[in-house]
Amino acid sequence: MDPFLLVYYGLICAVLGLVAPQLGNRWLRFGIGALVGVGAVAVLPFVRGMIG
């Protein structure tokens, strides 16, 4: 797995999480966004394989 993609998607989702006030405080949203990004990167190879 490309570490750049892992960090990139983690940061993108973390920033997006910052704008979701219904999830709790700022650091909780940042953490949730980072986890979503890491999960997206981890699943991406499997999705690519299923698509073609």
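Taking Cα atoms only, the orientation of helix 3-18 departs from the longest principal axis of the chain by about 30 degrees.
In the chain, helical runs assigned H by DSSP with n ≥ 4 each contribute -39500 (n - 2.57); averaged across all residues and rounded to the nearest 500, the mean residue ellipticity at 222 nm is -28000 deg cm²/dmol. Once the Cα atoms are used to define both axes, helix 26-51 deviates from the longest principal axis of the chain by about 10 degrees.
Accessible surface of the chain, 1.4 Å probe: 77 percent of it comes from carbon and sulfur atoms.
Between W27 and V47, the C-beta separation translates, for a Förster distance of 22 Å, into a calculated FRET efficiency of about 0.15. Entry note, the chain: relative contact order of 41 percent, from Cα contacts under 8 Å with a spacing of 6+ residues.
The values are calculated or read from the model by the stated rules, or taken from the named source; none is laboratory data. Being a predicted model, the structure only gives us computed values, none of them experimental. Every residue, glycine among them, receives a Cβ derived from its backbone with ideal geometry; neighbour counts consider all protein chains shown. What goes into the accessible areas is simple: the full protein's heavy atoms, side chains included, and nothing from ligands, DNA or RNA. Shrake-Rupley method; radii C 1.70, N 1.55, O 1.52, S 1.80 Å.
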